[in-house]
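Asks: A single structure is presented below for examination.
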Amino acid sequence: MAVAGFYRRVLPSPPAVDFASSEGKLLFTEALGDGTMEGFFRLISYYQTQSEPAYCGLATLAVVLNALSIDPGRKWKGPWRWFDDTMLDCCEPLAKIKTDGITFGKVACLARCNGAKVLAFRTNESTIDDFRKHVISCSSSEDCHVITSYHRGVFKQTGTGHFSPIGGYHAGKDMVLILDVARFKYPPHWVPLTLLWDAMNTIDGATGLTRGYMILSKLTRGPSILYTLSCQDDGWNDTIKYLTEEVPLLLKTENVKSVEELLSEVFKLPPQNLKNFIKWVAEVREQEDGNVKLNAEEKGRLAVKEEILEQLRATELFKHIKQWLASGTLCEGSESLFNKDELSEIAATVCCQGAETLAAKSCSADQRLSKTDIHLLNAENEKSAVVMSGTVVTNAIKEGVDMLVPLCKTESSHISDECCCQWPSVIDVLTILLLSLPQHIWFNLKDEKLLADINRLVGENYLPALLQDEVLHLREQMHFLMTDLSS
């Protein structure tokens, strides 16, 4: 016998006031007159229902990113670029979110790597007065929006943790409008701001930390250009703990006197998934009638990636890591973490993931890459570009996927050794990883000269502008992920 299921829920009132009720309409009208509903119109234009019961964080983020007019830089369906909750998987696999939901820190990380400027506060890092000021500021503007993470039980609603954007504020009643993305369950509703604070000031059982709120606005530049942090592999939290907690202890106990000795200590016994923690941001697209030409936007993005790659390889830290890897001082068992990157292997993985993303469904066991081809595009008066084309076969259905490959501008004669290549390599990953670590990692170094050298090698003030932005972006991502670790 089929289960009937549920058709919505009755909104407990009080404490909530249905947005469409007479009282709700009056609150809206008064707040509109006071100028604290300015952000509402952008949000309501892109308001959507979460596509899965546990996708509240993803749906909330999609609404806000679209309201901020942030270009995702990748296609949604057909030719259209658009944020949908099924596209937001760079910090956590959708299959895991579908069953377990998503944490506060990972929503902030997702927002950042998709082009938003993020200010995130758990309730123990803020006050109710600060929260009110942020709500009033964003409700009076179209340039920022507030996302809240709260427990439904405080409002006498069914369910537990939930995310939704705040659509407006009524000063006279001190109430906020919650644009609930679970529209199949509850409609948009007004709640007292003090009660929302109480609902945020609850413990998330997944992390052991309090919930909170975040303010999203549009970055003046794009998000991660060449690299991004990935939490898609199990054990990402072990990697962060190793880098931010165990490495400082190693440096405290060992008498390290050179950069090469430091590298040997840091990578002596690294977690096995370290190599998957920072990933190359590959740009994939559907093949269109075998056309492998790049349009102006693609050429522009590729040029920026290549400039960052060139700046990364010009750093002294890159040269130290290259020399260290070439010296053969790796510990037994660690070699597999630092294998040379083969473009064909990278392409096989990325093209399959690209087909999965473009098809908006999970990779299955019967999905395989049947072939890859490398195209060197060298139009007249233009710099060479590389496109890796792959054909992904799923249930006998073939789908063509292209991957745009950034190349280092350095002459090939200088990068032909086995430790480096023209496309992003393991040396680049290790360099950007060390540049992105929090500065406190190095404070325990005993040798003052080495400490000064490291601060110079990894200090963002010594980096060119594009690379500095990339490093600061990754540090911010790491900060948000660190906040999810239980104390």
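The values are calculated or read from the model by the stated rules, or taken from the named source; none is laboratory data. As the structure is a computational prediction, the values presented were derived from the model and not from experiment. Cβ placement follows ideal geometry from the backbone for every residue including glycine, while neighbour counts extend to all protein chains displayed. Only protein heavy atoms, including side chains, enter the accessible area calculation; ligands, DNA and RNA are left aside. Shrake-Rupley method; radii C 1.70, N 1.55, O 1.52, S 1.80 Å.
Asks: Any idea which of GLU125, GLU92 is touching a Cys at 6+ places or on another chain (Cβ under 6 Å), surrounded by fewer than 24 Cβ atoms within 10 Å (Cβ to Cβ) and at negative phi?
Replies: The conditions single out GLU92.
For (1) of a type in the set (Asp, Glu); (2) assigned by the TED database to the domain that holds CYS91; (3) modelled with pLDDT under 90, each residue gets a yes or a no:
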{"position": "LYS446", "(1), (2), (3)": "no, no, yes"}
{"position": "LYS449", "(1), (2), (3)": "no, no, no"}
{"position": "ILE454", "(1), (2), (3)": "no, no, no"}
{"position": "PRO464", "(1), (2), (3)": "no, no, no"}
{"position": "GLU470", "(1), (2), (3)": "yes, no, yes"}
{"position": "ARG475", "(1), (2), (3)": "no, no, yes"}
{"position": "MET478", "(1), (2), (3)": "no, no, yes"}
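Asks: Moving to a separate point now. Any residue that is out of contact with any Ser or Thr (no Cβ under 9 Å at 6 or more places or on another chain), at pLDDT below 85, among the hydroxyl-bearing types (Ser, Thr, Tyr) and surrounded by fewer than 18 Cβ atoms within 10 Å (Cβ to Cβ) - is there at least one of those in the range 308-328?
Replies: yes
Asks: OK, next. Scanning for something open to solvent by 10 Å² or more (accessible area, probe 1.4 Å), within 16 Å of ILE97 (Cβ to Cβ) and not acidic (Asp, Glu), does the range 56-72 turn up at least one residue?
Replies: The answer is yes; a qualifying residue exists.
Asks: Where residues in the range 106-133 are assigned to a helix (DSSP H, G or I) and within 10 Å of the chain's Cα centre (by Cα), which of them is modelled with the lowest pLDDT?
Replies: Residues of the range 106-133 assigned to a helix (DSSP H, G or I): 106-113, 123-125, 128-133.
Filter again for within 10 Å of the chain's Cα centre (by Cα), leaving 106-113.
Working: LYS106: 88, VAL107: 93, ALA108: 91, CYS109: 85, LEU110: 87, ALA111: 90, ARG112: 85, CYS113: 80.
The qualifying residue modelled with the lowest pLDDT is CYS113.
Asks: What pairs can you find where one residue is in the range 36-47 and among the charged types (D, E, K, R), the other is in a helix (DSSP H, G or I), and their Cβ atoms are less than 7 Å apart, with a gap of 6+ or different chains?
Replies: If the second residue must be in a helix (DSSP H, G or I), the pairs left are GLU38/SER139; ARG42/ALA67.
Asks: Please name all residue pairs, on different chains or six or more residues apart, with Cβ atoms under 7 Å, provided the first residue is in the range 245-259 and is open to solvent by 70 Å² or more (accessible area, probe 1.4 Å) and the second residue is polar (S, T, N, Q).
Replies: Matching pairs, first to second residue: LYS252/ASN444.
Asks: Another question about this same structure. Do you know which residues across the range 464-487 are open to solvent by 20 Å² or more (accessible area, probe 1.4 Å) and assigned to a loop (DSSP other than H, G, I, E, B)?
Replies: Selection gives PRO464, THR483, LEU485, SER486, SER487.
Asks: Working carefully through the options THR220, THR210, THR194, THR202, find the one that is under 22 Å from ALA62 (Cβ atoms) and open to solvent by 20 Å² or more (accessible area, probe 1.4 Å). Talk me through it step by step, then tell me what you get.
Replies: Working: THR210 fails: under 22 Å from ALA62 (Cβ atoms); THR194 fails: under 22 Å from ALA62 (Cβ atoms); THR202 fails: under 22 Å from ALA62 (Cβ atoms).
Every option except THR220 fails the conditions.
Asks: For the range 423-453, what are the residues that are in contact with a Phe, Trp or Tyr (Cβ under 8 Å, 6 or more places away or on another chain) and not in a helix (DSSP H, G or I)?
Replies: PRO424
Asks: OK, next. Scan ALA67, ALA59, ALA54 and give me the residue that is touching a residue at least 40 places away in the same chain (Cβ under 8 Å), of a type in the set (A, V, I, L, M, F, W, C) and within 15 Å of SER141 (Cα to Cα).
Replies: ALA67
Asks: Here are the criteria: (1) part of a strand (DSSP E or B); (2) of a type outside the set (Phe, Trp, Tyr); (3) surrounded by fewer than 23 Cβ atoms within 10 Å (Cβ to Cβ). Tell me which single one ILE136 does not satisfy.
Replies: (1)
Asks: Say whether the condition of being surrounded by 19 or more Cβ atoms within 10 Å (Cβ to Cβ) and assigned by the TED database to the domain that holds MET200 is met by at least one residue in the range 44-52. Don't jump to the end; show me each part of the working.
Replies: Filtering the range 44-52 down to residues surrounded by 19 or more Cβ atoms within 10 Å (Cβ to Cβ) leaves 47, 50.
Add one more test, that the residue is assigned by the TED database to the domain that holds MET200, and what stays is 47, 50.
Yes, the range 44-52 has at least one match.
Asks: Here is a further query. Which of (1) free of Cβ contacts under 8 Å to residues at least 60 places away in the same chain; (2) more than 18 Å from ILE102 (Cβ to Cβ); (3) not aromatic (Phe, Trp, Tyr) does THR160 not meet, given it meets every other one?
Replies: Of everything listed in (1) free of Cβ contacts under 8 Å to residues at least 60 places away in the same chain; (2) more than 18 Å from ILE102 (Cβ to Cβ); (3) not aromatic (Phe, Trp, Tyr), THR160 misses just condition (2).
Asks: Restricting attention to the range 67-82, which residues are within 19 Å of GLY167 (Cα to Cα) and under 16 Å from the mean Cα position of the chain (by Cα)?
Replies: Residue satisfying the conditions is ILE70 alone.
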